[in-house]
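Okay, structure first, notes after.
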Amino acid sequence: MTTSVSSELVVEHDVINPATAQVVTTLRLAGLQETDAAIERAADVFESWRAVAPADRGRLLRRFADAVDGASEELAQLEVANSGHTIGNARWEAGNVRDVLTYYSAAPERMFGRQIPVAGGIDMTFREPLGVVAVIVPWNFPMPIAGWGFAPALAAGNTVVLKPAELTPLTAIRLGELALEAGIPEGVFTVLPGRGSVVGERFVTHPAVRKICFTGSTEIGKHIMVGCAAQVKRVTLELGGKSANIIFDDADLAEAAATAPYAVFDNAGQDCCARSRILVQRTVYDRFMELFETAVAGVQVLDPRDEASEMGPLISAGQKERVAAFVDEADVAFRGSAPDGDGFWYAPTVVTPKDHTARVFREEVFGPVVAVVPFEDEAEAIRIANDTDYGLSGSIWSQNIGRALRVARGVESGNLSVNSHSSVRYSTPFGGFKQSGLGRELGPDALDSFTDLKNVFISTKESK
């Protein structure tokens with residue numbers, strides 16, 4: 001609904017529980033004037049925030065982390081209601097925000113420059129904050145991805161404006177409140193629920209915003225990149241994925257099959273890192289599929305509030321329709337189970353495309369659907385894995401470490417794991433190759449993208 005107020009429309013948005021299709025709450029979305037005001041306030045307080053002593057800035061970030069820790073169950077329950085995440089996942093996500101804040105709380109005192117040997121004087125480098133950083137967060141992991149943006153940005157001395165996804169704004173709003181409660185000065189970190197076409201677009205076009213952190217679709221990422229180019233604005237993009245789970249004939253087949261469902265069906269497959277293509281060496285393909293069918297049948301798709309739930313619903317009716325359209329044109333090998341009735345439920349589904357040109361094999365489904373194909377040898381496995389526009393994540397299963405390393409070096413992807421499906425650690429870099437994005441989040445390297453490198457030369461020549 002809309003009602004006229006001043007020169008802008010007040011837009012209200014219903015937040016829906018994906019498990020029940022019921023309204024959780026109704027929020028007022030920010031308009032253009034409110035967005036401009038928040039950006040300008042962030043620009044105004046930037047100089048005072050960057051001037052906070054490094055130890056004091058680190059202390060404030062640790063207090064923020066403590067506030068998140070104290071509210072972790074509240075945040076988790078909000079995420080269950082807003083995003084349909086299982087309660088176990090939601091608790092991990094709240095803990096990840098806490099841990100990322102704690103990790104980067106050490107950064108202000110460790111943003112070291114260098115002294116470079118030169119003739120005639122001393123040369124030094126400094127890491128300088130950019131100014132206002134805008135973070136645009138997707139709906140699939142609202143809490144962690146918000147933290148991956150705002151924590152290093154704040155640690156580096158930037159101020160932050162953050163737009164959560166329209167579908168999932170509740171935990172971001174609460175994180176903004178917790179920041180104030182922890183003592184982060186007003187205007188340093190502002191959360192603006194709003195439409196991408198209004199708030200997100202203004203982040204891109206406003207000259208006071210010096211950097212955009214965007215996680216979302218490749219299509220929107222390209223649009224943001226074009227907009228940033230007009231001002232030579234820095235941008236970090238974490239975009240789509242179509243990751244491969246490569247299983248060789250010498251792998252621990254039972255372990256590979258038992259863990260494969262959780263590498264793709266976690267968060268109902270709504271994960272850029274989902275291993276949504278499984279490549280199995282032909283000599284063990286039939287045996288793997290037998291084990292995999294049993295594993296898929298065992299995935300607990302339940303009310304996300306249930307402690308035993310391993311997978312919840314899709315985020316929306318529209319997403320459910322999109323996923324179903326992919327499956328309707330594919331050959332289904334077998335399915336798991338899902339609740340009936342209200343909510344946007346979809347059963348874990350395994351398809352076996354006839355060849356590598358199938359849409360379900362090439363495009364990002366973003367749902368609990370995995371395509372399984374056989375391969376003959378190491379070279380073909382690498383070729384199939386790389387036959388995609390994406391390159392975000394992936395797994396390699398083999399007892400032969402030499403082979404695993406060769407394949408890891410051959411696969412064009414930013415985050416790979418061997419005999420594991422681990423993609424994300426806050427202490428290591430995360431990001432993609434090709435159309436999966438630009439730049440790196442997390443780990444020690446993330447700070448570089450939130451700073452400019454300044455070089456200062458001081459002459460030591462004796463004056464006459």
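The values are calculated or read from the model by the stated rules, or taken from the named source; none is laboratory data. Note that the structure is a prediction, hence the values are computed from the model and not measured. FYI the Cβ positions are ideal-geometry reconstructions off the backbone, even for glycines, and counts take in every protein chain you see. What goes into the accessible areas is simple: the full protein's heavy atoms, side chains included, and nothing from ligands, DNA or RNA. Shrake-Rupley method; radii C 1.70, N 1.55, O 1.52, S 1.80 Å.
Quick one: in region 210-243, of everything that is of a type in the set (Gly, Ala, Ser) and within 21 Å of Asp452 (Cα to Cα), which residue is farthest from the chain's Cα centre (by Cα)?
That would be Ala230.
Of all residues in region 409-464, those being at pLDDT 95 or above, touching a Cys at 6+ places or on another chain (Cβ under 9 Å), part of a loop (DSSP other than H, G, I, E, B) and open to solvent by less than 30 Å² (accessible area, probe 1.4 Å) number 3. Please work out which residue is farthest from Pro129 (Cα to Cα), limiting yourself to region 5-49 and to residues that are charged (D, E, K, R) and in contact with a helix residue (DSSP H, G or I) (Cβ under 9 Å, 6 or more places away or on another chain). Going through the qualifying residues, I end up with Glu8.
Quick check, is Phe326 under 21 Å from Glu93 (Cβ atoms) and in contact with a Lys or Arg (Cβ under 9 Å, 6 or more places away or on another chain)?
Against the criterion (under 21 Å from Glu93 (Cβ atoms) and in contact with a Lys or Arg (Cβ under 9 Å, 6 or more places away or on another chain)), Phe326 does not qualify.
If I filter region 127-136 for residues that are open to solvent by 10 Å² or more (accessible area, probe 1.4 Å), more than 19 Å from Gly95 (Cβ to Cβ) and part of a helix (DSSP H, G or I), do I get at least one hit? No: region 127-136 contains no residue that is open to solvent by 10 Å² or more (accessible area, probe 1.4 Å), more than 19 Å from Gly95 (Cβ to Cβ) and part of a helix (DSSP H, G or I). Listed by first and then second residue, the pairs with beta-carbon distance under 8 Å, at least 6 apart or on different chains, first residue in region 442-457 and touching a residue at least 40 places away in the same chain (Cβ under 8 Å) and under 11 Å from Leu130 (Cα atoms), second assigned to a strand (DSSP E or B) and open to solvent by 80 Å² or more (accessible area, probe 1.4 Å), are Ser449/Arg234; Leu453/Phe126. Output the residue which, of all residues in region 321-343 that are open to solvent by 70 Å² or more (accessible area, probe 1.4 Å) and in a loop (DSSP other than H, G, I, E, B), is nearest to Val264 (Cα to Cα). In this case the residue turns out to be Glu329.
Considering only region 206-227, how many residues are open to solvent by less than 70 Å² (accessible area, probe 1.4 Å) and either β-branched (Val, Ile, Thr) or touching a helix residue (DSSP H, G or I) at 6+ places or on another chain (Cβ under 6 Å) (or both)?
10
Just the residues that are open to solvent by 40 Å² or more (accessible area, probe 1.4 Å), under 27 Å from the mean Cα position of the chain (by Cα) and over 15 Å from Gly437 (Cβ atoms), please, taken from region 373-397. Within region 373-397, Arg383, Asp387 qualify.
Among the residues of region 330-372, those that are of a type in the set (Lys, Arg) and within 25 Å of Ser436 (Cα to Cα) comprise Arg359, Arg362.
Inspection of region 427-437 finds a residue satisfying the criterion of being under 27 Å from Gly131 (Cα atoms) and either free of Cβ contacts under 8 Å to residues at least 24 places away in the same chain or among the aliphatic types (A, V, I, L, M) (or both). Has region 307-322 got any residue that is at positive phi and hydrophobic (A, V, I, L, M, F, W, C)? The answer is no; no qualifying residue exists. None of Gly318, Gly367 is closer than 19 Å to Asn140 by Cα, open to solvent by less than 60 Å² (accessible area, probe 1.4 Å) and free of Cβ contacts under 8 Å to residues at least 12 places away in the same chain except Gly318. Just name the residue that is surrounded by the fewest Cβ atoms within 10 Å (Cβ to Cβ) out of those in region 156-205 that are of a type outside the set (A, V, I, L, M) and free of Cβ contacts under 8 Å to residues at least 40 places away in the same chain. Checked region 156-205; the qualifying residue surrounded by the fewest Cβ atoms within 10 Å (Cβ to Cβ) is Ser197.
Going by what's in this entry, would Ala254 be described as surrounded by fewer than 22 Cβ atoms within 10 Å (Cβ to Cβ), at pLDDT 95 or above and under 30 Å from Asn419 (Cβ atoms)? Against the criterion (surrounded by fewer than 22 Cβ atoms within 10 Å (Cβ to Cβ), at pLDDT 95 or above and under 30 Å from Asn419 (Cβ atoms)), Ala254 qualifies.
Conditions (1) buried (at least 23 other Cβ atoms within 10 Å of the Cβ); (2) basic (Lys, Arg); (3) under 23 Å from Phe326 (Cα atoms); (4) touching a strand residue (DSSP E or B) at 6+ places or on another chain (Cβ under 6 Å), marked per residue:
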site	(1), (2), (3), (4)
Val264	yes, no, yes, yes
Ala268	yes, no, yes, yes
Ala274	yes, no, yes, no
Val280	yes, no, yes, yes
Ala295	no, no, yes, no
Arg305	no, yes, no, no
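Within region 131-152, the set of residues being within 11 Å of the chain's Cα centre (by Cα) and within 19 Å of Lys233 (Cα to Cα) comprises Ile136, Val137, Gly149.
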